[in-house]
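What follows is a single structure, written as structure tokens, with notes after it.
Readers should treat all values here as calculations from the given coordinates under stated rules, not as data from a laboratory. These numbers come from a predicted model, not from an experiment. Positions of Cβ are generated from backbone atoms using ideal geometry, with glycine treated the same way; all protein chains shown enter the neighbour counts.
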């Protein structure tokens, strides 16, 4: 630019033109959407952002081609925003299977790198890339990054890049996450993302270059283990790593630059741990050297942080830090899956922390590296997840792309200190899911042995050696929610293993409720879980009751509240979709951030007590030898049906469970398909010295349980297994010597009905 100004200094007209040109260049640079480097842990000095306006075409004709330079592209689109988004300039939300992108670029004269790579941060789903009409590579998967060496295809001056993406959300072949396979968003599925949705850029690398690397910090030994994957090995090269703290060199290491086996150990003269309260990051510089010549270099960073398991506790730097996480789905009103700006990514973390959360479960979406960068910078704990909804997992064709893409994601993200654990699948189902999940968990442990892995969040578990488990529970009643989790995951009232196959009651492993709450507020035209509060104060009371139930349980290492923001029709966020607050954020923070029982008394021991010796008063299906017939009716009885003196001799007889054949079929002993059912059963008690009492119930949907005419329990919603609820005090007040009557009413209007129950006690 200095040369240009010097050239035109003799002419006022020319000066004016030059100044206008300068202004145009400046404006153009500012107008590049998402201009920041997309991978802060893998930065090279020579790179070029290709975001901005591209030519665009879309078609359902898979045979149509837009490769010919003479072909006219009918539209313009702003990359990296998908066609469905407002920020793309198109906002087209109908189905389309093929999208084409084209633009020209010219490498600057200062570009000195011997090799050039084209990077795509993410493109959904099956992508092919062409440079100057020549095919350079393809990639399957909508969330993982990919790159191709385009050095041989480049020519002096202008070059043309064409990107073609095939994306069929209705095929059953693709991982969609929460992208809706129907035309309009419905339930907890939202607007689709088609094609490019993360930054496209060019990168200059050495003739031999560092393709990726793995960092394993060891705070105890004041060391960092580094393994680099080198592409294009050459003789006589050395791999070097240097760490800096506050601008001062604090460690260096080097080793011969072989093919993939470049391992070195760096001793640190200064150690400062990364944690939620002190998110300290070391600067890391990696180089390939030939003598004093730098062949390739990468700027990165790392945090000195460890994640370990002790008993039923997950420790961060050997400390039991309660993980107060929030469910974050990463949708934006104007960008869909793509944040409108880097500041918007940071802002979401700030909003979460303002409400008292110290992390997030990144739900059904692979978040971009810039989000993880801000999480690293701000001490924000996250669980990484794959967008596993969408494929038909019974189709073998689905498996390989899923496994390959998850491997790519692990390689991309494994060096972020903010990531505390992995979750490849969510609420999965399908004939072969357990086998696939086990394979993916084993892969994850191999690629990244430094973090725990949940096989599948929710319910389809089958891993023979799980490291951590979780559950989902949207019960809106704080009392029943509390008793369920204190009984199900708390050794003091642990139910017999025959009722709870989700764990071994003698050997606990780390556990958290990874979805709860989801309470709708201001949900007109949308929905939230359960019954909506009638007032703002009722919302606060419910939020506090549900959250305290988990904070008070020392066997919970964390929770994940649903959710950070509303997303389209799902209106159960703590913030509106536009990120404005719904509630008094300071009040939420006071509730969320109080000290947890887990932090005061973590469950370090594997064997803390023996299972309790339960006496069965009323048996359920899992206790077939002890279960007895119920008297039941599907016709509404008189209002005194639950009282012990009521005459039920005309009612039918049947064994639990009661249910609809296409519902909980494996448990059903007596068919029930109407909206309501009433049950009664007599039992006799001689010893009234009750220590603890627990009601084990599997119900769908709303259920009331009475003992001798006194209500001892009420359940809303449903559960997916036999769960225990402590009812000790209620039973002690209602039970009497001799004959007793338990009475149950269950209501289900939407199908899938099921009811079965047992009453257990221990005696002093």
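Observations, loosely collected:
- With each label modelled as a point 7 angstrom along the Cα→C-beta vector, the residue 587-residue 446 pair spans 5.3 nm.
- Rounded tilt (10° steps) of 12-31 against the dominant C-alpha axis of the chain: 20 degrees
- For segment 37-205, convex hull volume per residue from C-alpha positions, Å³: 116 Å³
- Once the C-beta distance of residue 710 and residue 244 is scaled by a Förster radius of 60 Å, the resulting FRET efficiency is 0.30 to the nearest 0.05.
- Considering only beta bridges that DSSP places wholly inside the chain, some 80 percent are antiparallel.
- Full extension of the chain segment joining residue 537 with residue 207 gains 112.4 nm, where the gain is 0.36 nm per residue of separation less the Cα-Cα distance.
- With respect to the chain, whose longest principal axis is taken over its alpha-carbon atoms, helix 433-447 is tilted by about 50°.
- Coordinate range along principal axes, alpha carbons of the chain, Å, largest first: 109, 59, 48
- Computed over segment 321-600, Cα set: Rg, Dmax in Å: 18.3, 52
- Here r is the Cβ-Cβ distance between residue 95 and residue 308 and R0 is 60 Å; the resulting FRET efficiency, rounded to 0.05, is 0.80.
- The orientation-averaged shadow of the Cα convex hull for segment 615-763, equal to a quarter of the hull surface, comes to 8.0 nm².
- Ranked by how many other beta carbons lie within 10 Å on average, peptides 551-562, 613-624 from highest: 551-562, 613-624
- Calculated FRET efficiency for the pair residue 400/residue 267, C-beta based, R₀ 56 Å, to 0.05: 0.85
- Global geometry of segment 536-643, whether rounded, prolate or oblate, following the gyration tensor of its Cα atoms and the 1.5 cut on a/c: oblate
- The chain: relative contact order in percent, alpha carbon pairs under 8 Å with at least 6 residues between: 9 percent
- Helical content alone sets the calculated 222 nm signal of the chain at -5000 deg cm²/dmol, taking -39,500 (n - 2.57) per DSSP H segment of four or more residues and averaging over every residue.
- Listed peptides 344-354, 576-586, 132-142 by packing density, highest first (mean Cβ within 10 Å): 344-354, 132-142, 576-586
- Estimated distance in nm for a label pair at residue 105 and residue 53, the labels positioned 7 Å out from Cα along Cα-to-Cβ: 1.8 nm
- Length gained when the stretch residue 318-residue 721 is fully extended (0.36 nm per residue, less Cα-Cα span): 141.7 nm
- Acute angle (nearest 10 degrees) that the helix 536-551 long axis makes with the longest principal axis of the chain, alpha-carbon atoms: 90 degrees
- Model label sites at residue 594 and residue 463, defined 7 Å from Cα along the beta-carbon direction, differ in position by 3.2 nm.
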